[in-house]
Each structure stands twice: as structure tokens, then as C-alpha cells.
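Okay, structure first, notes after.
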Amino acid sequence: MTARRGLPYYFGGFFWSKVAQNSFFMGNSPARVDDKGRLKLPTSYRQDLETRYGRELFLTSLTGEYVRVYPMPVWLEILQKLSEVPAGNPSRERFLDRVNYFGDKGELDAQGRVLVPYRLRDTAGMVGEVDVLGKFNYLDVWNHERFVQLRIKDNAFSDDDARALAEYGI
């Protein structure tokens, strides 16, 4: 990576121009959840989120171990796809049960904070220092210690993972 034209990094070529156009959420930024349960989104994510999607969000989880923050337009696309799955489909029902149990609508306030739903905040251990990870078009928020234990130490990236991704040229 090199500096170019005052920008911190320059990636050339067609692929990187497409990434820049899409402005995916990437990387990890530390953040805080205050005593009232409000997550203050890091500025790097907040600016892109508001510019591309607006302030409305849906916060949820499938497991309760973390908070998944969807921009509302992204969440509505997921709901549209779910509406095409037959109503009696057990996987659809399990998915909806979990995202609705843990989830709720939210909106960024003027300071870039959003209230994490109480049940999810309690289950996911959302207090104090947290890690916000970019996942293309949504964000995952983890209690720092839980993330290190469950995703880094207990779930190491393996040779099998590398082989599986190699099939996609990664």
C-alpha cells in the first residue's frame, strides 16, 4: 500500500474501483456502549452509513452472542427475500423467531448513537468497550473479550478454511 495524492492508500485497477464505488463496510473499529445502552458508532462507519443508507437501522442477532446492525434498506431487502419463502418453512420460522426475539428498529441520533435493544444488550454483554466489524453491507458488534475468545482463540482460521476459500481464488 502506498500513499498517493494525499490519500492514505491507493489500490489500482478495476476491482478496487468497484470496491470504492460500493463502499463496503470493512475493518474493525473500537467503540463504546454507554450506561444507557447506546452504541456510539465509529465515525468511519457512521459517515458511510448515513450517506449511503440513512439513519434508520435494524439491530438483531441470530445467537445473542453479538449485535448485528443492518441499515434499514439492507434489512428490507432481506425481508423481501424472506417473504418469498413459504410461510411454513421451518428455517424461515427459526430465522424470524430469533431476529425478532433479539431485534428492534433503531435510529442514529445526532451524536451517532443508537440504542441496543435491552434483551440483546444483556445477552451479548454489550457494555463498555466493544469491537465494531465491517461485514460488507452490515456491521457486527462484539463484546471485545467474547470476540477474542469465541472467534479468534476457539475458532482459529484453519488449513481447511484456506482450501475452501482457495476454490474462489482467495
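Putting +1 on Lys and Arg Cβ atoms and -1 on Asp and Glu Cβ atoms, find which of 74, 61, 91 reaches farthest to the positive end of the dipole of the chain. Towards the positive end, the residue furthest out is 74. Residues whose amide H lies under 5 Å from that of residue 137, counting only those 5 or more places away or on a different chain, are 25; hydrogens are built 1.01 Å from N in the peptide plane. When nucleic acids and ligands are ignored and a 1.4 Å probe is applied, residue 163 ends up with an accessible area of around 140 Å². Counting protein heavy atoms only, the stretch 70-139 has 53 percent of its accessible area on carbon and sulfur, 1.4 angstrom probe. At full extension, residue 63 and residue 48 could sit 2.7 nm farther apart than now, given 0.36 nm per residue minus the alpha carbon distance.
Between the stretch 134-164 and the stretch 88-122, the alpha-carbon centres lie 21 Å apart.
Accessible surface for the chain, divided over its residues, is 64 Å² per residue with a 1.4 Å probe.
In terms of its C-alpha gyration tensor, the stretch 49-153 comes out oblate, because a/c is 1.5 or above while a/b does not outweigh b/c.
The values are calculated or read from the model by the stated rules, or taken from the named source; none is laboratory data. These numbers were taken from a predicted model, which means no experiment stands behind them. Heads up, the Cβs are rebuilt from the backbone with ideal geometry, glycines too, and the neighbour counts pull from every protein chain shown. SASA here: full protein model, heavy atoms, side chains in, ligands and nucleic acids out. Shrake-Rupley method; radii C 1.70, N 1.55, O 1.52, S 1.80 Å.
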